[in-house]
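Structure first, then comments.
The values are calculated or read from the model by the stated rules, or taken from the named source; none is laboratory data. Nothing here was measured: the structure is a model prediction, and the numbers come from that model. Please note: Cβ atoms are built from the backbone with ideal geometry, for glycine as well, and neighbour counts cover all protein chains shown. Heavy atoms of the whole protein, side chains included, go into the accessibility calculation; ligands, DNA and RNA do not. Shrake-Rupley method; radii C 1.70, N 1.55, O 1.52, S 1.80 Å.
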Amino acid sequence: MTDAGRLPVVRPRARPATAQGPHDSLVDLLDRLIDRGVIIQGDLVLAVAGVDLVHLGLRIALTPATESIRQQ
Amino acid sequence: MIHLYAFVAEPVIFDGLHGLDGAELDTIDCGAVHAVVSRHEQAVSPERDAVLDHGGVVEAVSSQVPTLPVRFGSLHADTAALRAAVGEQQAELADRMQAVAGHVEFVIRAPVEQMATVAPPPADGGRGRAYLEGRLAMERAERAARDAAKARLHDAVGTLAEQAAQAVEVDGPRGPEISYLVPTGEAPAFTAAAATICDGTDLVVGGPWAPYTFAAGDPGG
């Protein structure tokens, strides 16, 4: 049984500074959140015929958002 | 449905930190690593704020315990499905976590503007030759802009990579960029050095962030 009293405690932190900073930097952060980081094989649970609908939907939703950030 | 944020080395207690849509955060034992997750009735809408909230969880966790960031959009049906997906990768994930633990990521990018200065091909496609010449001119102009941006970037950053544990160059959609993996304790000095380099230029500095670019093992690949 794990001793919960000895487990690390994680508390909220302010959002990455760039999330409230220069818009171009926010775009770079968004790029990382959706294009980088570990991918776990088998995470394509919402897929049909090999097309990853989760990521596909994400792309569609994010394109106008990031473009609007750049245009502000 | 389980939304996956990151992997950590051991279970953690979340005190006041919540996941997407305010969901409770939890850790799931996946063997050599523990997954940071939240549970949802259905897939979270992939909007900008949701992506940033995902990033907020990753940043909070990675700033306090060794963490391997996971790309937004990793969904699993349940605990068993997640454990099965992690499966034989758990040892490799633990190794990667050790490699990036105690580090943050910065980026310096040379923006490449869209090729608005070159006349686009006729909207109706035009005659075949005119269309192809138009496309060729656009591609040449974009290549020249990217080459110039890359040279500008290299000239500016100089030996900055010597202050990083690792640096990788990526020709990204918004222009060439160099990502730096920097020990957390040296982040303030790196921030100052990067600001000095980019001051008065069009170069964009980002970070410090969790080491997304270096989490996947082969960031240049």
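Quick one: is B:PRO173 of a type outside the set (Val, Ile, Thr), within 12 Å of another protein chain (Cβ to nearest Cβ) and within 24 Å of B:ALA94 (Cα to Cα)? Considered against the rule, which asks whether it is of a type outside the set (Val, Ile, Thr), within 12 Å of another protein chain (Cβ to nearest Cβ) and within 24 Å of B:ALA94 (Cα to Cα), B:PRO173 comes out as no. Restricting the first member to the range B:131-160 and to residues that are touching a residue at least 40 places away in the same chain (Cβ under 8 Å), and the second to residues that are among the β-branched types (Val, Ile, Thr) and assigned to a helix (DSSP H, G or I), the beta-carbon pairs closer than 8 Å and six or more apart or on different chains are B:ALA156/B:ILE197; B:VAL157/B:ILE197; B:LEU160/B:ILE197. Just give me the residues in the range B:165-186 being farther than 19 Å from A:GLY37 by Cβ and open to solvent by less than 20 Å² (accessible area, probe 1.4 Å), in sequence order. Result: B:GLY175, B:PRO176.
Selection of first residues in the range B:27-50 that are charged (D, E, K, R) and of second residues that are part of a strand (DSSP E or B) and at pLDDT 90 or above, restricted to Cβ pairs under 7 Å at least 6 apart or on distinct chains, gives the following pairs, ordered by first then second residue: B:ARG39/B:ILE2.
When residues in the range A:1-33 are screened for being at pLDDT 80 or above and open to solvent by 20 Å² or more (accessible area, probe 1.4 Å), 7 of them pass. Filtered by the rule that a residue be facing another protein chain (nearest Cβ under 10 Å) and hydrophobic (A, V, I, L, M, F, W, C), the range B:77-99 gives B:ALA77, B:ALA81, B:LEU82, B:ALA84, B:ALA85, B:VAL86, B:LEU93, B:MET97. Considering the range B:195-219, the residues that are within 12 Å of chain A (Cβ to nearest Cβ) and assigned to a loop (DSSP other than H, G, I, E, B) include one that is farthest from the chain's Cα centre (by Cα), namely B:ASP202.
Listed by position, the strands (runs of 3 or more DSSP E) contained in the range B:1-58 that have at least 2 residues being open to solvent by less than 10 Å² (accessible area, probe 1.4 Å) are B:2-8, B:34-39. Taken over the range B:182-194, the criterion of being away from chain A (no Cβ under 12 Å) and within 25 Å of B:ARG146 (Cα to Cα) is satisfied by B:ALA193 alone.
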